[in-house]
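**Q** Please read through the structure below; I'll follow up with questions.
The values are calculated or read from the model by the stated rules, or taken from the named source; none is laboratory data. Not measured: the values here are computed from a predicted model. So basically every Cβ, Gly included, is an ideal-geometry build from the backbone, and we count neighbours across all protein chains shown.
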Amino acid sequence: MNANTSSNTQSKWDSVKRYKLTRMLNELGGILGHGTELVTVYIPPRRPIYDVIAQLRNESGTASNIKSDLTRSHVQDALSRTIEHLKLFKETPENGLVIFCGAIPTGKGFGTEKIELYSVMPPKPVQIQLYRCDDHFWISHLKDMMKDDKVIGILAIDTQEAGLGILTGDRWLVVDTMTSGVAGKHRQGGQSARRFERLRDNELNDYYHRVADHAQKVFINQYNVRGIIVGGPGPTKENFLKEEYLDYRLQNNVITTLDTSYSGDEGIREIIDKVNDQGVMAEYRLMEEKKIVKKFMSEVHSGDGLGIYGISDVLASLQTGIVDMVIVADNITKTKLDAKCNRCGYNQQKIVERIDATRVKQEIISKPCPSCSAVDYEIIEKDIVDYLEELAALTGSKLEVISGGSEEGSQISSLGSIGAILRFRPTTNKNLVAHIS
C-alpha cells in the first residue's frame, strides 16, 4: 500500500486530505513489528534527496550485521524499497517528506509479513532530520504537525459569572466557569447607598482579579493562546479591559470584543456563533464547518429544500450527478465491500458497518456466485470516504469532511453521519433508488 498525501503551503489543507492522513496515522500507530524492522525517515525541506539515499545505502550495509535472518531481510528490503521510492523525486518537496516502510504483519503468522510503504508530504515543513529502525513507526512528529497551533481564548464575562473557553482548529470547548458572588445593584435595607456601592466595588475588584488570574492560568500556562476574544452583556467587558486586569500578554492580544446576551458557558457559545457570522475568524476550520452545516440544515428543514441525508439517498444522488456538496462526519463507521467473482466477473457491492465487515465477507465467500455458482471471490474493502471522493470527482461534486467531535459534527452524526446539498431536486423519486445494498 502506498499512501501519498500532498500539500501546498500556499493553500489550506482540505478536509479530505486531513481525514486521510489522520486515518493513516491511526493505522500506523497500531502496527507493531516482530523486531526492529519498521523504518521511519523524516526529510526536512532543504535536505538533498541524494544525501538521504546515500545515508540509507550505508544503513543497509550496516543492517547486514543483524543476526536474525528474517529481521535482516526485512530491514534491507524496507531500505531498498525506500531508496527506490526516493529516486522518484528530483528534489525534496516544499514541506519535506516523511516515509514509513517495513514488514507489516498480515495476521497469518510469523514470516508472512509484507513490505509496505507509506509516503507523506506533510501539511507543515518538517523540522527534524530523522532515521529510525524500530519495532514501531515514529509518528509523533507528524501527529504534532496535525495539531492546529492557532489557539484562541474566549472570555464571556458580566458581573455575575465568567466563562473561559478555547477555539482551536475544528473545535471549541468550555474550559471553566466561575461565579462572582457580587451583590446585585439593589442594596439591602439599613445600608447607606455610598457604603453599599463601596462594598460592591470591592467585590467587583476581587472578582475581576480572580477572573484575570484564572485567565492567565488557562490561556497562557495551559493553552498558550495566540489571541483572546472578550464578550458579554452590558459594559462589564469594556470596564474589565479598560482597567487592565488581564495579564499584559493577553491584554495586548485582544482580537475583538462582542456584545452578547449571556455570559458563562452560554456566552462562549454565543461568541462562537457571532465570530462566525461576522467573519472575524474566517480562517478557522470550525468557522467554515459552521457555515457548511448551517446551510445544510436550513435546506433540510425547508419545505422543498435541497438537503438530503442517509447513506442510500446520498450515494444514489451522487451516482445520478445531482449533488453539489457531500458532507460527512469524520467518525462515520461505514465501509464499502466489493466482491468480484474470479470465474465470471460478477460483482457485488455492499455498504456495511466497519465492525461487521469481517462477518459480511465470510457470508459472501460461503455462498456460490449468483451468476455462475462458483465460490471464488476477490473482496476489496474501501473506506467510505475514499469511495465518496471517487464518486464526487466523477460528477464535480464537493466533499467536506467535518469533525465528528464538534457541535456541527454531532448534528451530522444524528442524521447518519452523512448528508448532501443537491444542485436541484430530481423530477421523480425513481432516481433515488440506491444501487448499493
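**Q** Does Tyr245 meet the test of being in the same structural domain as Arg269 (by TED's automatic domain parsing), closer than 25 Å to Lys274 by Cα, touching a strand residue (DSSP E or B) at 6+ places or on another chain (Cβ under 9 Å) and aromatic (Phe, Trp, Tyr)?
**A** When the stated conditions are applied, Tyr245 does not pass them.
**Q** Here's something else I'd like to know. Could you pull out the residue among Gly234, Gly305 that is without any contact (Cβ under 8 Å) to a residue 12 or more places away in the chain and in contact with an Asp or Glu (Cβ under 7 Å, 6 or more places away or on another chain)?
**A** Testing whether each residue is without any contact (Cβ under 8 Å) to a residue 12 or more places away in the chain and in contact with an Asp or Glu (Cβ under 7 Å, 6 or more places away or on another chain) leaves just Gly305.
**Q** Can I ask one more? Any idea which of Tyr19, Tyr50 is under 21 Å from the mean Cα position of the chain (by Cα) and either at pLDDT 90 or above or crowded, with 16+ Cβ neighbours inside 10 Å (or both)? Steps first, answer last, please.
**A** On the way: Tyr50 fails: under 21 Å from the mean Cα position of the chain (by Cα).
Exactly one of Tyr19, Tyr50 is under 21 Å from the mean Cα position of the chain (by Cα) and either at pLDDT 90 or above or crowded, with 16+ Cβ neighbours inside 10 Å (or both), namely Tyr19.
**Q** Now a separate question. Suppose we keep only residues that are hydrophobic (A, V, I, L, M, F, W, C) and farther than 23 Å from Tyr19 by Cα within region 317-339. Which one would you say is nearest to the chain's Cα centre (by Cα)?
**A** Looking at the filtered set, the residue picked out is Ile322.
**Q** Quick one: in region 241-266, which of the residues that are part of a loop (DSSP other than H, G, I, E, B) and among the charged types (D, E, K, R) is surrounded by the most Cβ atoms within 10 Å (Cβ to Cβ)?
**A** Only one residue tops the list, namely Asp247.
**Q** Can I ask one more? Checking Thr36 against (1) at pLDDT 90 or above; (2) not in a helix (DSSP H, G or I), which single condition isn't satisfied?
**A** (1)
**Q** Under 22 Å from Met146 (Cα atoms), of a type outside the set (Gly, Ala, Ser) and modelled with pLDDT under 95: does that describe Asn65? Walk me through it before giving the result.
**A** Values: under 22 Å from Met146 (Cα atoms): no; of a type outside the set (Gly, Ala, Ser): yes; modelled with pLDDT under 95: yes.
Answer is no for this residue.
**Q** List pairs: first in region 132-143 and in the same structural domain as Thr82 (by TED's automatic domain parsing) and at negative phi, second in a loop (DSSP other than H, G, I, E, B) and of a type in the set (Ser, Thr, Tyr), Cβ under 8 Å, 6+ apart or cross-chain?
**A** That search, which allows pairs on different chains as well, returns Cys133/Thr36; Asp134/Thr36; Asp135/Thr36.
**Q** Condition test on Arg269, is it surrounded by fewer than 18 Cβ atoms within 10 Å (Cβ to Cβ), assigned to a helix (DSSP H, G or I) and at pLDDT 90 or above?
**A** no
**Q** I've got another one for you. Which residue pairs have Cβ atoms closer than 8 Å, lie 6 or more positions apart in sequence or on different chains, and pair a first residue in region 257-273 that is at positive phi and in contact (Cβ under 8 Å) with a residue 12 or more places away in the chain with a second residue that is assigned to a strand (DSSP E or B) and among the hydroxyl-bearing types (Ser, Thr, Tyr)?
**A** Gly264/Thr177
**Q** Let me ask something additional. Using the structure shown, decide if Leu88 is surrounded by fewer than 12 Cβ atoms within 10 Å (Cβ to Cβ) and within 32 Å of the chain's Cα centre (by Cα).
**A** Yes; evaluated as a whole, the condition is true for this residue.
**Q** I've got another one for you. Specify which of the listed residues (Ser6, Ser60, Ser73, Ser11) is among the hydroxyl-bearing types (Ser, Thr, Tyr), more than 21 Å from Asp386 (Cβ to Cβ) and at pLDDT below 90.
**A** Ser11
**Q** Suppose we keep only residues that are surrounded by fewer than 17 Cβ atoms within 10 Å (Cβ to Cβ), in a loop (DSSP other than H, G, I, E, B) and within 24 Å of the chain's Cα centre (by Cα) within region 149-181. Which one would you say is modelled with the lowest pLDDT?
**A** Asp149
Residue-by-condition table, conditions (1) outside the structural domain of Ile166 (by TED's automatic domain parsing); (2) loosely packed, with under 13 Cβ neighbours inside 10 Å; (3) assigned to a helix (DSSP H, G or I):
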{"residue": "Glu197", "(1), (2), (3)": "no, no, yes"}
{"residue": "Leu204", "(1), (2), (3)": "no, no, yes"}
{"residue": "Val211", "(1), (2), (3)": "no, no, yes"}
{"residue": "Asn221", "(1), (2), (3)": "no, yes, yes"}
{"residue": "Gly231", "(1), (2), (3)": "no, no, no"}
{"residue": "Lys237", "(1), (2), (3)": "no, no, yes"}
